[in-house]
Structures are given as C-alpha cells and as structure tokens.
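So the structure is just underneath, and the comments pick up after that.
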Amino acid sequence: MKKCLLGLLILVLLLAFTFADDDFIVATKFEEQNGEGYWGPYGPAYKLENGVLVFDSSIENAWMTLNFKDDFMEAEDYRYVVITIKADDPKDAQNIVMTLGNLKKTFTDWGITLTTDFKTYVIDLFAHGLKNWGDGTKAEPDLAFNKAGAIKAKIYVKSMILTNNPTKYTK
C-alpha cells in the first residue's frame, strides 16, 4: 500500500511539473516576420534590424501591430510582461503609446522610464487591469505601438516574454 501511495505521489508531482504554466516567449530576437511566438509585425513604421524590432515615430501616422501565436491565451494566464527595450530619444519616446491587449498607455503610464541603453522592464498586467488580449479575427492586436504625441523617436525592442515568474529574466 505504501509503495502504491508513494508511486502515486511521484506521478502527481511529475504531472504537476510537466503541466505547470510555462512562459510564453513572444520573441528573444525579432529576426523575421512571423517569428518565434508572434505573427507580424505589421504597419508602416517598423523595421527588423539585427534581431531587434524598431518602431519609428517619425513616420506620418506611425503605427505597428503584432499578434501572439497563442490565440487562446486568457488574460489571467500570465501576470507579467518582461520586455527589453530602449529609445534613441527617451524624452520624446515616452509619448509613444504601447498597447498590450485591451490596455493603451504611454510608457510613462506603464511605469517605464526609457533610456538609450537596453533595459529590461517588468509590467504587472494584473495591476494595470488587463482584461483580454487582442483578437486577430477582429483586427485587434496583442501588441501595438502608436505615434501619439511622439515626434521622431525610435523604440528598439530586443525581447518580450509573458511569464508568472519575472525574476528568471531580471537577475
């Protein structure tokens, strides 16, 4: 009986670790359209350079969208976005609006203070009130950048990961 219970306990623990929520890697590099965990990017104001997604707000009506390859992701699946990003003109770039799911905010409103060096930021989606991700069938992106009040800044995104354990990426 003890062997049976021990075997059952080991099996339950193995299944728990096997089916634990993994991180959703949107991209560790943006080398091509329709890469690791994303569809796109789309729009007139982006380039892919050396594994980095570059958004250029100097373009008239500048916008860029990206959809995650997991169309069935629920808002509560991942609490955090870990994003590694920089700007060529941080002050101007703070005016760009970044959309994550149903939330549209400037970098300042996201709690991000951009710099000219790559820095990794953790965004608590629950604290910001994420209710849902985009729906590609309704042309609603999961991630978007819009010019908003920016004039000529460029945003450089090196990586983006959805997780419930951001400390793995911010050591």
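The values are calculated or read from the model by the stated rules, or taken from the named source; none is laboratory data. Bear in mind that the values here come from a model prediction, so they are computed numbers and not experimental data. Because the Cβ atoms are built from the backbone with ideal geometry, glycine has one as well, and the counts that use them run over all protein chains shown. Accessible surface is based on the protein model in full, side chains and every heavy atom, while ligands, DNA and RNA are left aside. Shrake-Rupley method; radii C 1.70, N 1.55, O 1.52, S 1.80 Å.
Which residues does the label zone of Asn61 cover in the range 89-120, counting backbone N under 19 Å from a point 7 Å along Cα→Cβ?
97
Quote the convex hull volume per residue of the chain, based on C-alpha atoms, as a whole number of Å³.
Numbers: hull volume 23.1 nm³, N = 171.
Convex hull volume per residue, Cα atoms: 135 Å³.
Taking amide H atoms as placed 1.01 Å from N in the peptide plane, list the residues 5 or more away in sequence, or in a different chain, whose amide H sits under 5 Å from that of Val52.
Phe30
Could you list which residues have their amide H under 5 Å from that of Glu140, counting only those 5 or more apart in sequence or on another chain, with H placed in the peptide plane?
Counting only residues 5 or more places away or on other chains, the set is Asp135.
Could you order Ile112, Ile59 by accessible surface area, starting with the largest, using a probe radius of 1.4 Å?
Ile59, Ile112
How much accessible area per residue does the chain have, in Å², with a 1.4 Å probe?
Using a 1.4 Å probe on heavy atoms only, each residue of the chain averages 56 Å².
Can you pull out the trypsin sites (Lys or Arg not before Pro) in the range 94-133 that DSSP calls coil and that have at most 14 other Cβ atoms within 10 Å? Write down the numbers at each step before the final one.
Details: sites: Lys104, Lys105, Lys119, Lys131; in loops: Lys131.
Passing sites in the range 94-133 are Lys131.
Given 20 °C and 1.002 mPa s, compute D for the range 88-164 with the Stokes-Einstein relation, Rh being the Kirkwood radius over Cα pairs; round to the nearest whole µm²/s.
Details: Rh = 13.3 Å.
Using the Kirkwood radius from Cα pairs, D works out to 162 µm²/s.
For the full complex of protein chains and a 1.4 angstrom probe, list Ile25, Ile123 by accessible area with the highest value first.
Numbers: Ile25 60, Ile123 0 Å².
Highest to lowest solvent-accessible surface, that is Ile25, Ile123.
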